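Here is the structure we will look at, set down as structure tokens.
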Amino acid sequence: MEQQNSTSLDPNTIPKDNQETEAQSSIRSLRELIDLVTGRGFKPELEEESGFAEILPFPFLALVGQMEMRLALLLSLINPAVSGVLLIGPRGTGKTTAVRSLINLLPDIERSTCFYGCLPEDVEIGGIDTICPDCAKKYAEGKPLTKTEKARIVELPLNARLEDVVGGLDEHAVAHERFRLKRGILSLADQNILYIDEVNLLADEIVDAILDAAAQGSYTIRRGQFSATYKANFTLIGSMNPEEGNLRPQILDRFGLRVIVRGLSSAQERLDAYRRVAAYRRSPRRVVTQFYQETELARIELQEARNLLPRVILPDEVARKGIQMIQALQIDSLRAEITMFEAARAYAAADGRSVVSQEDIRIVAPMALRLRRSSFMTKYFEDRSREEKELLATIEQTIPESTSQIG
Ligand SMILES: [Zn+2]
């Protein structure tokens, strides 16, 4: 596990055991100095087994511009029913940075301490045989199988196989003449964010498995006589570069919010973004510290919005306006209104209101409705309607209605 290198201490001069402690205490005293100067008291927790980038991602609140992308991401965290976000744009527009920056806004979760991800609810649902022997022992002794942890952003590797995603037979256990199923990436994503970069390059069977699990909040795998069902409640975020290929319309339809991410257009924004990124490269810790208080506040507000969400109602007259818009745009998929209304509820909750207004709909409509119209279906319906007219005209010409009535 690589530790951070944000210290100039020469590792060769320090005995290995003390290296980490020395390095940390040196950083700490420097930070304390900064804290004293700036009046801040930031004490980030160091996580074991984490890369540097994971410990100190670029702060969400330090992102410059890209308001629609940031709003879409926040709404998807407040209300999972918006069915995720798809970020569409060229490379280098900050899509991945923005997704990773969400980590500090997420509330803590309860996670299994076991490699296999055994949970007490597995026992409640499927009995003691559904967890591994070590966990079964712990469970019997009344010891916890989970611990409170920070939420994670699980990034799906582009070379992931279906078996990695949904899990499969545990070869190690098979070698010991035991049969058990191994969890996949989807179950690791439970309660977390699942991020698929370049989702348009992923094999169809994998995308389908992920979207099905995302829709159901769980998934079942079967291998011969064995089957297991895992929880998979996650916020799905995908990104794609349209220069590298399209996404099948059926898949596109299943992503709730769609954001077109362009490069920053204003010169001032570009300069601000450059300065922040440069500052972050020099000292991630300093930038994270600068935004620490705002980040904490945003995290609390996000949790409050989540708490308020179940009580947020959508009045009929507001819903009718939304439907009117969808009909005027000739969008067929019912997912359009589900996403639009759920995003509007999340927006109202974020604003501390329990009633959705027309204005909320107006704000979220572009990201919920864009790329919903299928040019294929539009042409198909136009062709059918032309055919229908010709058909009726020919029938009328051959057997006029008046003739048939008289005859
Ligand atoms: Zn276990």
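How would you order 83-89, 322-328 from highest to lowest mean count of nearby Cβ atoms within 10 Å?
83-89, 322-328
Just order 350-359, 250-259 by mean Cβ neighbour count inside 10 Å, highest at the front, would you?
Ranked from most to least packed, the peptides come out as 250-259, 350-359.
Rank-order 235-241, 365-371, 282-288, 387-393 by packing density, defined as the average count of other C-beta atoms within 10 Å over each peptide's residues, highest first.
Peptide ranking by packing, descending: 235-241, 365-371, 282-288, 387-393.
Mind jotting down a quarter of the surface of the convex hull over the alpha carbons of segment 60-305, in square nanometres, one decimal?
Across all orientations, segment 60-305 yields a mean hull projection of 15.4 nm².
At 0.36 nm per residue, and after removing the present C-alpha to C-alpha distance, how many nm does the segment from Asn307 to Ser357 gain when stretched out fully?
Length gained, Asn307 through Ser357: 16.1 nm.
In nm, to one decimal, how far is the Leu329 label point from the Leu391 one, both placed 7 Å along Cα→Cβ?
Each label point lies 7 Å from its Cα, and together they span 3.0 nm.
Throughout, read-outs are computed from the coordinates displayed, never taken from laboratory work. Quick caveat, the model's predicted, so the values are computed rather than measured. Ideal geometry is used to build each Cβ from the backbone, glycine not excepted, and the neighbour counts take in all protein chains shown.
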